[in-house]
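Novice: This is the structure I have questions about; it appears just below.
The values are calculated or read from the model by the stated rules, or taken from the named source; none is laboratory data. These numbers come from a predicted model, not from an experiment. Here the Cβ positions follow ideal geometry from the backbone for every residue, glycine too, while neighbour counts run over all protein chains shown. Accessible surface is based on the protein model in full, side chains and every heavy atom, while ligands, DNA and RNA are left aside. Shrake-Rupley method; radii C 1.70, N 1.55, O 1.52, S 1.80 Å.
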Amino acid sequence: MAVLEYDGTDYNGFQIQEEGTNTIQGKLGEVLSKVLNKKVDFRYAGRTDAGVHARYQVISFKTDSNLDTHRFLWSVNSLLPDDIVIKKIEKVSPDFDARRSAALREYSYFVVNKNYHSVFLKKYSILIAKELDIRSMRKAAGMFIGVRDFGSFCSPSCLKSDTVRKVFRFTVEKNREDMIIFKIAANSFLYNMVRIVVGTVLEIGSGNRDLKSISEALAGRNRKMAGKILPSKGLFLTGVDYRK
């Protein structure tokens, strides 16, 4: 298995698509196949969307080669573009699957809450100049914890399948640089779920929505009942946990 991070700004998401589409999986697959001198198919923990980043994405693949993991890591990283890097490589049991073995995935969303946007953060966060109510947003976040139906908090296409997910934790913290960090961990996520959930919580924090509306949206399974979807640039896959 390997852990990687990437800047998703210039990619059409992680998952490989039609020929000619720029994806993380496509770039990574090309390099792995070149280093191992054969086509490599790999599994991944989370399918991040276009423009979404990762600090902790996990992939797994099988090979007959007796790898020197240290040399392999350096070989792969020397060929990857500057916006993708493998952080570590480990040998794992044959039954390990980066996707199916994952018990929890964590996403983080970054919001700068002051009257200007740092030039060093513009690519990886959004700016909200209006002062946000942290206490109200924490109350709102708590309403999503547990087993919930997120039919109102995903792309309408998700309603064709199961929209129930289990959220283990959802925290809202503000640091000294006026950066508000939303962290949400669940067994899995629906398409656009994190960006809509955090967008809804931000509407609570700005006073444009009341807490009661969240309960109504969770019960309603209607996309129009939830908040706006946020830009992808502020979203990161930041953690994946596996059962022991």
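Novice: Exactly one condition in (1) at pLDDT below 95; (2) charged (D, E, K, R); (3) touching a Phe, Trp or Tyr at 6+ places or on another chain (Cβ under 9 Å) is not met by residue 233; state its number.
Specialist: Result: residue 233 passes all but (1).
Novice: While we're looking at this one, here's another question. Checking the condition over 19 Å from the mean Cα position of the chain (by Cα), farther than 27 Å from residue 14 by Cα and surrounded by 15 or more Cβ atoms within 10 Å (Cβ to Cβ), which residue from 134, 128 passes?
Specialist: 128
Novice: Restricting to the range 191-218, and then to whatever is touching a residue at least 24 places away in the same chain (Cβ under 8 Å) and among the hydroxyl-bearing types (Ser, Thr, Tyr), can you tell me which residue is nearest to residue 14 (Cα to Cα)?
Specialist: Among residues in the range 191-218 that are touching a residue at least 24 places away in the same chain (Cβ under 8 Å) and among the hydroxyl-bearing types (Ser, Thr, Tyr), the one nearest to residue 14 (Cα to Cα) is 191.
Novice: A follow-up question, please. So which of 51, 46 is modelled with pLDDT of 95 or more, surrounded by 13 or more Cβ atoms within 10 Å (Cβ to Cβ) and in a loop (DSSP other than H, G, I, E, B)?
Specialist: It is 51.
Novice: Take the range 137-153 and flag every residue that is out of contact with any strand residue (DSSP E or B) (no Cβ under 6 Å at 6 or more places or on another chain), open to solvent by 20 Å² or more (accessible area, probe 1.4 Å) and not small (Gly, Ala, Ser).
Specialist: Scanning the range 137-153 gives 139, 143, 148.
Novice: Could you grab the pairs with beta carbons closer than 6 Å, sequence gap of 6+ or different chains, first residue in the range 154-173 and open to solvent by less than 10 Å² (accessible area, probe 1.4 Å), second one in a strand (DSSP E or B)?
Specialist: Filtered contacts from the range 154-173: 163/149; 167/186; 172/182.
For (1) touching a strand residue (DSSP E or B) at 6+ places or on another chain (Cβ under 6 Å); (2) under 22 Å from residue 191 (Cβ atoms); (3) surrounded by 13 or more Cβ atoms within 10 Å (Cβ to Cβ); (4) of a type in the set (A, V, I, L, M), each residue gets a yes or a no:
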| position | (1), (2), (3), (4) |
| --- | --- |
| 21 | no, yes, yes, no |
| 28 | no, yes, yes, yes |
| 40 | yes, no, yes, yes |
| 76 | yes, no, yes, yes |
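Novice: Oh, and also: Being within 20 Å of residue 185 (Cβ to Cβ), charged (D, E, K, R), in contact with a strand residue (DSSP E or B) (Cβ under 6 Å, 6 or more places away or on another chain) and modelled with pLDDT of 90 or more, is that true of even one residue in the range 90-101? Don't jump to the end; show me each part of the working.
Specialist: Kept after step one, since they are within 20 Å of residue 185 (Cβ to Cβ), are these residues of the range 90-101: 97-101.
Among the residues that remain, those that are also charged (D, E, K, R) are: 97, 99-100.
Filter again for in contact with a strand residue (DSSP E or B) (Cβ under 6 Å, 6 or more places away or on another chain), leaving 97, 99.
Those still in the list that are modelled with pLDDT of 90 or more too: 97, 99.
Taking every residue of the range 90-101 in turn, at least one turns out to be within 20 Å of residue 185 (Cβ to Cβ), charged (D, E, K, R), in contact with a strand residue (DSSP E or B) (Cβ under 6 Å, 6 or more places away or on another chain) and modelled with pLDDT of 90 or more.
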